[in-house]
Structure formats: structure tokens, C-alpha cells
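These notes are about the structure you will find just below.
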Amino acid sequence: MTTTAQPNIRQDLLYIQTSSTALTSNIHGMSLLEDGEIIEPELPFLYHTPLDAIRDGWRVIQFPNTALMLDESKTYGLGCEFILEKIRCIDP
């Protein structure tokens, strides 16, 4: 199988950690993959909720896996992680 690279297209990924699966829950952590580089945004975060990111053009590609929900009575769990993408066209 042959793939054709699209040099003018970039996919950015936004990883958002929250304490709930609701799109309106507050963000507790965030990582950004932009142009192949991992960026750890400084506080305050770019967005307050996953819904804020969606309104800014990000598309959800993965909703939180509820099997990995944070359980406050146990010392393990990842909480809720949303993964969003934004496709950008860049100048050649």
C-alpha cells in the first residue's frame, strides 16, 4: 500500500484531562501536539472546558474511557481524558 504525503496538511492533537466525562467539566491538565512537537501549556490553560475547545474548532476523536475513571477511594485511575484534533492547512 502506498501513501501519499500531504505536505500542506497538519494534524494537531489536544489531550485534555478532566474529573468528569461532561463536556462542561473543568480542565485539570492539558497537553498539545503541534507540528510534531509536544507543548505543555502554562497556566491558565487555553480553555476552561472541553466544550470551549470544541467551540474553537477542535474535533473530539476520543471521549474518556469510563473504565479508567479516577476513583478517589483508590490510589489508581487516570480520570477522564478527551483527545481532540485540529486539521490545519499550511502555506507551502
| Can you name the residue in region 9-44 that is at pLDDT below 90 and among the hydrophobic types (A, V, I, L, M, F, W, C) and, of all such residues, is surrounded by the fewest Cβ atoms within 10 Å (Cβ to Cβ)? | L43
| remark: Residue count, region 64-83, condition touching an Asp or Glu at 6+ places or on another chain (Cβ under 9 Å) and modelled with pLDDT of 85 or more, comes to 1
| task | List every residue pair whose Cβ atoms sit under 6 Å apart, with the two residues 6 or more apart in sequence or on different chains, where the first one lies in region 5-27 and is closer than 16 Å to A53 by Cα and the second, anywhere, is assigned to a loop (DSSP other than H, G, I, E, B). | result | L14/W58; Q17/G79; T18/S25; T21/P64; T24/T49; I27/F45
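The values are calculated or read from the model by the stated rules, or taken from the named source; none is laboratory data. This structure is a prediction, so every number in the text was calculated from the model and none was measured. Note that we place each Cβ from the backbone using ideal geometry, even for glycine, and neighbour counts take in every protein chain shown.
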